[in-house]
Amino acid sequence: MPTPSGDLGSTTLAELLEREAQARSHDGSGIQAAALLGEWSPHRLWGKGEQRESQSQTKLLQWLNARLSISRAEADQRSDFSICNAVSLGPLKLRFNGPGWLQGKRPLLCFRFEMLTLELGERTLLQRPLPAPKAKRTPFFALIAVEQGQWLAARGRGGGLALWSATKNP
């Protein structure tokens, strides 16, 4: 099966779905924590059950400079990662931060956002703690495949499928 490579635009939904079926198998995807580290930008998105790419949603998130940053958690934390999901419009930036961890063979990248921050340039306008999600409602990305430093494919808790491109390596 062809694999997503330098030209992510040519990756087909069928290729991603085939990889997803492999990741759901008994052996899982084999994705390791180190391969997820970096900063990721949405490249292609499909809604739950959709066969057509959601180009308008992708363009909007790209215009808002959407980023998913995954870094190693500090040694004293009980998680594998620190996760930041952010959008920005010029100097205005909205960030959600919290811990993340791998779970299961597939694996799932589980996370919860604990802090919301609104910044204008270097100035913090608002910083608020967020409530913990209800039991069994923790958000996650079901990891499908990754090429470290190039691309990441995952399905979100809501069923949407995303192909992310790397914007920064750790």
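Length gained on full extension, TRP63 to LEU130, computed as 0.36 nm times the residue gap minus the Cα-Cα distance: 21.5 nm. If the limit is 29 Å between Cα atoms, which of LYS105/LYS168; LYS59/LYS93; LYS59/LYS134; LYS134/LYS168; LYS105/LYS136 go over it? Too far apart for the 29 Å limit: LYS59/LYS134; LYS134/LYS168. Multiplying the residue separation of THR167 and GLN51 by 0.36 nm and subtracting their alpha-carbon distance yields 39.1 nm.
Rounded to the nearest 500, the 222 nm mean residue ellipticity of the chain from helices alone is -3500 deg cm²/dmol, with -39,500 (n - 2.57) taken per DSSP H run of at least 4 residues. Taking trypsin sites (Lys or Arg not before Pro) in DSSP loop states with no more than 11 other Cβ atoms inside 10 Å as exposed sites, the chain has its longest site-free stretch at 79-133. For the pair THR138 and ASP27, label points projected 7 Å from Cα toward Cβ lie 2.7 nm apart. Computed from the alpha carbon atoms alone, the convex hull of the chain holds 129 Å³ per residue. A simple count of charges around LYS136, restricted to other residues whose Cβ falls under 14 Å of its Cβ and scoring Lys, Arg +1 and Asp, Glu -1, yields +4. When you restrict to C-alpha pairs under 8 Å that are six or more residues apart and normalise by the size of the chain, the relative contact order lands at 25 percent.
Tell me the angle of helix 13-23 to the major Cα principal axis of the chain, expressed in degrees between 0 and 90 and rounded to the nearest ten. The two axes meet at around 90 degrees. Less than 19 Å apart at the alpha-carbon level, and either on another chain or at least 8 residues along: which aspartates and glutamates does that give for LYS48? Correct list for LYS48: GLU15, GLU18, GLU20.
Bear in mind these aren't lab numbers, they're just calculated from the coordinates by the rules spelled out. Keep in mind it's a predicted model, so treat the numbers as computed, not measured. Cβ: placed from backbone, ideal geometry, glycine included. Neighbour counts: every protein chain shown.
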